[in-house]
Amino acid sequence: MVPHESGNLSVYQFGSGVDFLIRRVYCLTNLRAGTSRGFHAHRKLRQVAVCLAGSCRFVLDDGRVREDVVLNSPRQGLNIGALIWREMNDFSTDCVLMVLASEEYSEADYIRNYDDFLREAAR
Ligand code: TYD
């Protein structure tokens, strides 16, 4: 974070917290309180999630342990490797969630069924 008299500047780049070349960036905005998203894992994709405004909660599950992480600062990047089941919830109404991704979008990379995920994660 680079402070400036008019506000802050945040930088996300390969080599400082992002250990893959960024092929895609997407943002979730206009998120409704009380809703949940995610409910999938990726076979190959790696991601870094950053909550640019507001707050949200991630549940990360590697098939053995589930952990809860609250994101509420643009200074905080959450690394999500391959074969991690994720669920997102507790969105504040002003939440802006940016995701840096190592690959282009591919539906074939998704595991959307939790039992399939457990099978692939156990291999
Ligand atoms: P999904 O990754 O399931 O969203 P979330 O994890 O936030 O719940 O994607 C939701 C829909 O958007 C799904 O139909 C795929 C589509 N999508 C794209 O077309 N391109 C993308 O880069 C992403 C991330 C999703």
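The values are calculated or read from the model by the stated rules, or taken from the named source; none is laboratory data. Here the structure is a predicted model, which means the values were calculated and not measured. Using ideal geometry, Cβ is built from the backbone for each residue, glycine included, and neighbour counts are taken over all protein chains shown. Side chains included, ligands, DNA and RNA excluded: accessible areas come from the protein's heavy atoms. Shrake-Rupley method; radii C 1.70, N 1.55, O 1.52, S 1.80 Å.
Numerical summary
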quantity: Count of the stretch 77-91 residues which are open to solvent by 40 Å² or more (accessible area, probe 1.4 Å) and more than 20 Å from Val18 (Cα to Cα); calculated: 1
quantity: Pair list, Cβ under 8 Å, 6 or more apart: the stretch 1-27 residue within 13 Å of Arg75 (Cα to Cα), other residue of a type in the set (S, T, N, Q) and not in a strand (DSSP E or B); calculated: Met1/Ser10; Val2/Ser10
quantity: Residue within the stretch 29-47 that is in contact with a helix residue (DSSP H, G or I) (Cβ under 7 Å, 6 or more places away or on another chain), surrounded by fewer than 15 Cβ atoms within 10 Å (Cβ to Cβ), closer than 15 Å to Leu100 by Cα and among the charged types (D, E, K, R) present; calculated: yes
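One line per residue, one yes/no per condition, for (1) in a loop (DSSP other than H, G, I, E, B); (2) among the small types (Gly, Ala, Ser); (3) within 13 Å of the ligand (Cβ to nearest atom):
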| residue | (1), (2), (3) |
| --- | --- |
| Leu21 | yes, no, no |
| Val25 | no, no, yes |
| Gly38 | no, yes, yes |
| Ala41 | no, yes, yes |
| Arg64 | yes, no, no |
| Val70 | no, no, no |
| Leu83 | yes, no, no |
| Leu97 | no, no, yes |
